[in-house]
Amino acid sequence: MTTTEISTGTKTRTPAVLGGNPAFEKTVSIIRPNLPPWSSVSKRLEDIYSSRMITNHKTVEELETKMARFVGSRHVVALSSCSSGLILTLKALGITGEVIVPSFTFSATGHAIYWAGARPVFADCSERDWNISIESIRKAVSKDTEAILAVHIFGNPAPVHALEEIAEQLGIPLIFDAAHAFGASVGNRRIGGFGTAEIFSLSPTKLLTGGEGGLLVTDSDELAAKVRMLRNYGDPGTYDCFAPGLNARMAEFNAALVLEGLPLVDPEITSRQNLAGIYYGELSRLPGIRFQEISDGSQHTYKDFTIVVDENGFGIDRDALHRCLLAENIQTKKYFYPPLHMQSAYMNLPHRSVDLTVTEWLTHNVLTLPLYSALGKKGVAGIASAIASIHAHTREIGLTRRQLQG
Ligand SMILES: *Cc1c(COP(=O)(O)O)cnc(C)c1O
């Protein structure tokens with residue numbers, strides 16, 4: 001067995017799991033941080049180093065000013081991480097009751113609620129865009145609901161207007177974990193500008209990175225001022241702390257990396273959108289593959305490009321495709337599996353859930369594929385054709401698996 005016909009009539013290679021050569025000689029990693037040129041970064045680092053002012057100084061101030069302009073909001077507060085930003089925002093808002101949050105998200109979203117001393121209520125997500133579902137929020141509301149914490153999943157903007165509307169009806173703050181969404185927009189407004197506050201992450205898996213870091217964006221003078229103090233132990237400058245804060249500052253070196261990386265963000269997103277077009281074109285021809293829908297007027301960052309693999313249509317399930325792609329030297333991730341309500345950490349902690357049918361369907365079928373500009377058209381086309389050739393051989397792959405399992 002060397003070649004097989006697929007529906008398009010092209011000859012296809014033998015998948016590596018069946019003994020063919022891997023699609024790639026070297027491992028294609030799931031993520032590759034998009035870093036600015038060392039020459040520009042080193043210049044800034046040298047300036048900081050020679051000034052001896054390595055934290056709490058002008059690079060962070062410059063970053064906050066430039067970011068506020070980039071997003072088009074009144075305040076940006078630079079922080080040590082998105083996690084610390086979420087915790088301090090909840091603290092500053094005095095939230096101690098229930099926070100409605102999607103279960104289908106990265107663990108840190110939920111963890112922040114516990115660190116702030118509040119309780120998560122897990123809501124389901126929409127089958128269409130995989131973001132928190134408004135209908136599910138309605139079911140999750142109780143007399144103890146104090147906030148909504150939504151996430152722009154994979155960089156696909158959440159339904160910001162509908163969320164603002166329901167938060168307003170309930171008279172509670174709406175906070176966005178915008179870790180995936182730096183550079184995204186809805187209409188002509190950048191993500192960062194919605195709800196009470198949005199918090200970005202600058203950790204290395206994100207589109208813009210400072211090594212580590214976070215950014216709180218808000219139009220509220222009071223919230224910005226409070227988080228500014230809370231990131232600095234709660235000290236208003238008199239050593240008479242108004243609340244027990246954290247050290248959640250961003251250091252100058254990290255801010256330098258973010259500032260130099262900022263001009264790369266929009267071109268990287270454009271490049272990812274073009275490359276995503278190749279995935280859509282190639283993969284939509286295969287049965288059993290589904291995509292996250294993007295609302296009209298929304299711009300996705302493609303922080304992650306995640307597909308749903310329906311075993312009935314595709315021929316093998318998500319886990320099998322993951323293993324087959326690994327044999328092709330293509331790294332993929334099951335983002336997000338397990339979702340928060342299924343994680344060990346949450347078993348014995350106070351929380352509630354409403355019906356999570358869509359979350360449970362997604363979590364068992366999602367697979368994140370590599371997508372970043374450095375892959376180029378050839379890289380993305382190579383991954384797509386590896387998936388097509390695996391699909392063309394699912395019958396044999398299924399048989400092999402059954403034999404292996406005895
Ligand atoms: C990465 C990530 C975080 C955590 O960000 P840190 O800056 O590492 O604290 C939070 N939420 C989501 C959705 C993330 O992907």
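So for the chain, taking the charge dipole from beta-carbon charges (+1 Lys/Arg, -1 Asp/Glu), which of 348, 279, 167 sits furthest toward the positive end?
In the chain, that residue is 279.
Top mean-square fluctuation among 207, 93, 174, Gaussian network model of the chain, C-alpha springs under 10 Å?
Between 207, 93, 174, it is 93 that shows the largest mean-square fluctuation.
Find the eigenvalues of the gyration tensor of the Cα atoms of region 33-83, then list the square roots of 5 times those eigenvalues as equivalent ellipsoid semi-axes, largest first, in whole angstrom.
Whole-Å semi-axes of the equivalent ellipsoid: 21, 15, 11.
Just to confirm my numbers, what's the Cα centroid distance between region 274-308 and region 65-79 in Å?
Region 274-308 and region 65-79 have Cα centres separated by 30 Å.
In the neighborhood of residue 120, defined by Cβ-to-Cβ distances under 14 Å, what is the net charge if each Lys or Arg adds +1 and each Asp or Glu adds -1?
-3
Which value results when the Cα radius of gyration for the chain is divided by 2.2 N^0.38 Å?
So the chain has a normalised radius of gyration of 1.04.
Can you classify region 242-367 as rounded, prolate or oblate using the Cα gyration tensor, where a ≥ b ≥ c are the square roots of its eigenvalues, rounded means a/c under 1.5, and otherwise it's prolate if a/b beats b/c and oblate if not?
oblate
Run the reach check for residue 26 against aspartates and glutamates, Cα to Cα strictly under 12 Å, same-chain hits fewer than 8 apart removed. What comes back?
Within the straight-line cut-off, residue 26 pairs with 328.
Have a look at 81, 70, 97 and report the one farthest towards the positive end of the charge dipole of region 38-99, computed about the Cα centre with Cβ charges (Lys/Arg +1, Asp/Glu -1).
After comparing all options, I get 70.
What's the percent breakdown of Cα-Cα distances in region 119-213 across 10 Å bins, shortest bin first?
With a bin width of 10 Å, the distribution comes to 16, 49, 28, 7, 0.
Loop only by DSSP, 15 or fewer other Cβ within 10 Å of the Cβ. Give me the trypsin sites (Lys or Arg not before Pro) in region 21-104 that pass, ordered by residue number.
Counting only loop positions with at most 15 other Cβ atoms within 10 Å, the trypsin sites (Lys or Arg not before Pro) in region 21-104 are 26, 52, 74.
Put +1 on the Cβ of every Lys and Arg and -1 on every Asp and Glu Cβ in region 243-396; which of 383, 265, 338 then has its Cα farthest towards the positive end of the dipole?
In region 243-396, that residue is 383.
What angle, in degrees between 0 and 90 and rounded to the nearest 10, separates the Cα long axis of helix 160-170 from the longest principal axis of the Cα atoms of the chain?
The answer is roughly 50 degrees.
Using Cα positions and a limit of under 24 Å, work out the lysines in reach of residue 66, with same-chain residues fewer than 8 apart set aside.
43, 58, 206, 226, 303
Put a dot 7 Å past each Cα toward the Cβ at residue 58 and residue 334; how far apart are the dots in nm?
Label-label distance for residue 334 and residue 58, simple model: 5.1 nm.
Mind checking the dipole of region 24-121: about its Cα centre, +1 per Lys or Arg Cβ, -1 per Asp or Glu Cβ, Debye to the nearest 20?
Computed charge dipole of region 24-121: roughly 100 debye.
Under a point-charge model restricted to the Cβ atoms of Lys and Arg (+1) and Asp and Glu (-1), what is the dipole moment magnitude of region 200-292 relative to its Cα centre, in debye to the nearest 20?
440
Note the angle between two axes, namely the Cα long axis of helix 318-327 and the longest principal axis of the Cα atoms of the chain, as a number of degrees from 0 to 90, rounded to the nearest 10.
Roughly 80 degrees between the two axes.
Would you calculate the volume per residue, in Å³, of the smallest convex hull containing every Cα atom of region 294-406?
Spelled out: Cα convex hull of region 294-406, divided by residues, is 174 Å³.
May I ask for the angle, rounded to the nearest 10°, between helix 82-92 and the longest principal axis of the chain, with both axes built from Cα atoms and the value confined to 0 to 90°?
40
At 1.4 Å probe radius, can you tell me the per residue accessible area of the chain in Å²?
43
What is the local net charge at residue 269, summed over the other residues whose Cβ is closer than 14 Å to its Cβ (Lys, Arg +1; Asp, Glu -1)?
Net charge in that neighbourhood comes out at +1.
Give me the dipole magnitude in Debye, nearest 20, for region 102-231 about the Cα centre, with unit charges on the beta carbon: positive for Lys and Arg, negative for Asp and Glu.
Using only the charged Cβ atoms, the result is roughly 260 debye.
Just 364, 161, 322 to compare: in a GNM of the chain, with alpha carbon springs under 10 Å, which one fluctuates most?
Ranking 364, 161, 322 by mean-square fluctuation puts 161 first.
Length gain on complete extension for the stretch residue 326 to residue 221, per 0.36 nm per residue less the alpha carbon to alpha carbon distance?
Full extension from residue 326 to residue 221 adds 32.9 nm.
Most mobile of 288, 94, 193 per a Gaussian network model of the chain (Cα springs, under 10 Å)?
Most flexible of the set in this elastic network: 94.
Helix-only estimate, please: 222 nm mean residue ellipticity of the chain, summing -39500 (n - 2.57) across DSSP H runs of length 4 or more and dividing by its residues, to the nearest 500.
My calculation for the chain gives -12000 deg cm²/dmol from helical runs alone.
Please give me the summed charge of the neighbours of residue 24: other residues whose Cβ is under 11 Å from its Cβ, Lys and Arg +1, Asp and Glu -1.
Taking every Cβ under 11 Å from that of residue 24, the sum is 0.
The values are calculated or read from the model by the stated rules, or taken from the named source; none is laboratory data. Quantities reported herein were computed from a predicted structural model and do not represent experimental measurements. Neighbour counts run over all protein chains shown; Cβ positions are idealised from the backbone, glycine included. For accessibility, only protein heavy atoms count, side chains too; no ligands or nucleic acids. Shrake-Rupley method; radii C 1.70, N 1.55, O 1.52, S 1.80 Å.
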